[in-house]
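Each remark here refers to the structure printed beneath this line.
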Amino acid sequence: MEGVGRGLSDVDCFGVRHLQGLPGSVSLQSRPADRGFLAWSVKNAYHRGVPRPREFDEERVVEAIRQEFWDKGYAATSLDDLMRVSGLGKGSLYGAFGDKRALFLRVLREYNDANARMLQERLASTSRGVDFVREFVRGPSCDSTGASAQRGCLLANSTAELAMSMPDVAAEARRSYDATAEVLVEAIERAQREGDVDPGADAEPVAYAVLAAQLGVVALGRTGMGVDVLASVAESALGRLLPS
């Protein structure tokens, strides 16, 4: 399950495998061979001083590196690990992406941006706002094997590990969690209009409380706690957070 051939099919905060669309996640089929005059022109242009493009699939490399950071964490992922999963040497890896810190921040931002898009799409497609909120909190307990809950969320894992020592990670976490809370505010206000949540409730603090509850379920899942316990925690939190 390692190297650039590994597919990105991870369970998101809704317990749904969705990240195939993440930047860095592409078809693993080989590209067709160059043919004809265009190929001749491109190849001969290199001899006239035109810089060569990178000779690797950047998106697939980023995908493989994301998986490694997610599995091991930042500190435990070595340069040798990154070279192994990417298939690149040190010079190529750092020349393309910068140092380990820069590469990690890129991976984390792309992960967060993909989740933000997914949340917006989910809210737009859900039939009722309250269903979106419930699904969000229940998500970490949706994998019956418990494997996804124990692996956790890349952002939550990284925040716990690095927020005190890497201000860039703390700032990125705030950016991402604020964006998530904005979507939750929208969902709660919609649920209020639809008669499923008390219209007198202040949507913003409720949204952050929902986010905190979901992150609590994520944290418990990382310990290997059973999904039945995680599910009951999620339901208890929802019963208190969504006054009808």
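The values are calculated or read from the model by the stated rules, or taken from the named source; none is laboratory data. Being a predicted model, the structure only gives us computed values, none of them experimental. Cβ atoms come from the backbone with ideal geometry, glycine included; neighbour counts cover every protein chain shown.
Annotations
- Filtered residues of the stretch 115-159 (kept if within 16 Å of VAL233 (Cα to Cα) and hydroxyl-bearing (Ser, Thr, Tyr)): SER141, SER144
- So MET164, is it farther than 25 Å from VAL229 by Cα, of a type in the set (A, V, I, L, M) and not in a helix (DSSP H, G or I): yes
Conditions tested, residue by residue: (1) touching a residue at least 12 places away in the same chain (Cβ under 8 Å); (2) among the β-branched types (Val, Ile, Thr).
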{"site": "GLU135", "(1), (2)": "yes, no"}
{"site": "CYS142", "(1), (2)": "yes, no"}
{"site": "THR159", "(1), (2)": "yes, yes"}
{"site": "ALA170", "(1), (2)": "no, no"}
{"site": "ALA191", "(1), (2)": "yes, no"}
{"site": "ASP196", "(1), (2)": "yes, no"}
{"site": "PRO199", "(1), (2)": "no, no"}
{"site": "ALA207", "(1), (2)": "yes, no"}
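- Annotation: of all residues in the stretch 164-206 being among the hydroxyl-bearing types (Ser, Thr, Tyr) and surrounded by 13 or more Cβ atoms within 10 Å (Cβ to Cβ), the one that is nearest to TYR111 (Cα to Cα) is SER176.
- Residues of the stretch 62-76 satisfying the condition of being of a type outside the set (Asp, Glu) and either in a helix (DSSP H, G or I) or touching a residue at least 12 places away in the same chain (Cβ under 8 Å) (or both): VAL62, ALA64, ILE65, ARG66, GLN67, PHE69, TRP70, LYS72, GLY73, TYR74, ALA75
- Reported count of residues in the stretch 109-151, each being farther than 25 Å from PHE69 by Cα and touching a Phe, Trp or Tyr at 6+ places or on another chain (Cβ under 7 Å), is 4.
- Only a single item in (1) closer than 28 Å to GLN67 by Cβ; (2) in contact with a Lys or Arg (Cβ under 6 Å, 6 or more places away or on another chain); (3) of a type in the set (D, E, K, R) is not met by ARG175, and it is number (2).
- Residue check, ARG240 among the charged types (D, E, K, R), part of a helix (DSSP H, G or I) and at pLDDT below 95: yes
- Only listed residue being surrounded by fewer than 16 Cβ atoms within 10 Å (Cβ to Cβ), under 26 Å from VAL217 (Cβ atoms) and either among the hydrophobic types (A, V, I, L, M, F, W, C) or at pLDDT below 95 (or both), chosen from ALA156, ALA75: ALA75
- Among the residues of the stretch 164-183, those that are closer than 21 Å to VAL210 by Cα and not polar (S, T, N, Q) comprise ALA170, ALA171, GLU172, ALA173, ARG174, ARG175, TYR177, ASP178, ALA179, ALA181, GLU182, VAL183.
- Complete set of residues in the stretch 216-234 that are within 18 Å of the chain's Cα centre (by Cα) and free of Cβ contacts under 8 Å to residues at least 60 places away in the same chain: GLY216
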